[in-house]
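Down below is the structure, laid out as structure tokens.
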Amino acid sequence: MRVIVVGCGRVGAELATAIAACGHEVTVVDKVRRAFRRLPRDWPGPTVQGLGFDRETLERAGVREADALAAVTSGDNSNILTARIARETYEVPRVVARIYDPRRAAIYERMGIATVATVTWTTDQMTRRLIPDRSAMEWSDPTGTLLMVERRLPEAWAGRRLVGLGGGDLRVEVVMRGGRAVLVGPETTGHDGDMVYVLVHRDALDQLDAKLLEAVPA
């Protein structure tokens with residue numbers, strides 16, 4: 001793949017290095033030349049100085065042949081503008097923008113631009129480490145209607161088939177057990193300490209929690 005990373009801060013430099021390590025061709029763009037010092041000394045790809053939302057800069061970076069672009073500068077507006085130009089003008093197949101204001105995420109998702117909301121991700125990761133028993137949302141569709149949520153399996157469900165948690169607007173898809181992810185099948189039973197991942201309609205969250213807490217017949 002040919003990938004363009006716009007922004008060579010700590011995130012951009014680490015992202016570009018990781019993608020290049022996987023064998024892909026990576027071009028890094030930044031408006032400040034000294035930012036490229038964050039790249040490894042043996043950096044294998046080209047660097048382009050300029051603004052990511054400037055078409056001439058993107059052309060020099062090879063946007064017409066790019067398979068993917070990540071906009072990860074420190075500014076939401078710059079990232080979104082860069083992503084829109086890549087997506088709408090040059091029809092780059094895969095475009096992701098880093099944003100700091102999570103309230104904008106749904107808007108940009110409807111425009112076909114995948115986003116990573118830094119504040120939301122950081123808050124979620126910190127909370128999960130401080131309060132391990134707290135459940136978390138792993139994924140949402142752009143409308144916020146369909147969710148993938150994480151729940152710790154109560155001890156009462158140990159030995160029971162996990163499909164019993166599903167039905168209607170609920171589907172148990174994955175269970176994390178002993179550090180391994182396991183796809184849930186018809187015969188998959190719960191173990192003490194399991195973490196389950198459930199695809200659920202947002203209006204059925206209470207139904208899910210009620211099922212988790214209900215008494216299990218002997």
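Filter region 81-107 down to the residues that are among the hydrophobic types (A, V, I, L, M, F, W, C) and more than 17 Å from L69 (Cα to Cα) and list them by number.
Once the filter is applied, which keeps residues that are among the hydrophobic types (A, V, I, L, M, F, W, C) and more than 17 Å from L69 (Cα to Cα), region 81-107 yields A105, A106, I107.
Tally the residues that are under 19 Å from E65 (Cα atoms) and either in contact (Cβ under 8 Å) with a residue 12 or more places away in the chain or outside the structural domain of L81 (by TED's automatic domain parsing) (or both), restricting the search to region 8-29.
Going through region 8-29 one residue at a time, the tally reaches 9.
Could you please find all residues in region 58-86 being more than 17 Å from G9 (Cα to Cα) and surrounded by fewer than 20 Cβ atoms within 10 Å (Cβ to Cβ)?
Those that are more than 17 Å from G9 (Cα to Cα) and surrounded by fewer than 20 Cβ atoms within 10 Å (Cβ to Cβ): E59, R60, G62, R64, E65, D67, A68, L81, R84.
Just checking, which of E173, E187 is at pLDDT 90 or above and within 25 Å of D141 (Cβ to Cβ)?
Testing whether each residue is at pLDDT 90 or above and within 25 Å of D141 (Cβ to Cβ) leaves just E173.
Given the structure, is V28 in contact with a strand residue (DSSP E or B) (Cβ under 7 Å, 6 or more places away or on another chain) and either at pLDDT below 90 or within 27 Å of T145 (Cβ to Cβ) (or both)?
Spelling it out, it is not the case that V28 is in contact with a strand residue (DSSP E or B) (Cβ under 7 Å, 6 or more places away or on another chain) and either at pLDDT below 90 or within 27 Å of T145 (Cβ to Cβ) (or both).
Output the number of residues of region 1-25 satisfying the condition of being assigned to a helix (DSSP H, G or I) and either in contact with a Gly (Cβ under 8 Å, 6 or more places away or on another chain) or not aliphatic (A, V, I, L, M) (or both).
Summing the residues that are assigned to a helix (DSSP H, G or I) and either in contact with a Gly (Cβ under 8 Å, 6 or more places away or on another chain) or not aliphatic (A, V, I, L, M) (or both) in region 1-25 gives 6.
How many of the residues making up region 168-218 are among the aromatic types (F, W, Y) and loosely packed, with under 13 Cβ neighbours inside 10 Å?
Residues meeting the conditions: 0.
Looking only at region 172-199, which residues are in a strand (DSSP E or B) and touching a helix residue (DSSP H, G or I) at 6+ places or on another chain (Cβ under 9 Å)?
Selection gives V172, V175, T189, G190, V196, V198.
The values are calculated or read from the model by the stated rules, or taken from the named source; none is laboratory data. Source: prediction; values computed, not measured. We place every Cβ from the backbone using ideal geometry, glycine too, and count neighbours over all the protein chains shown.
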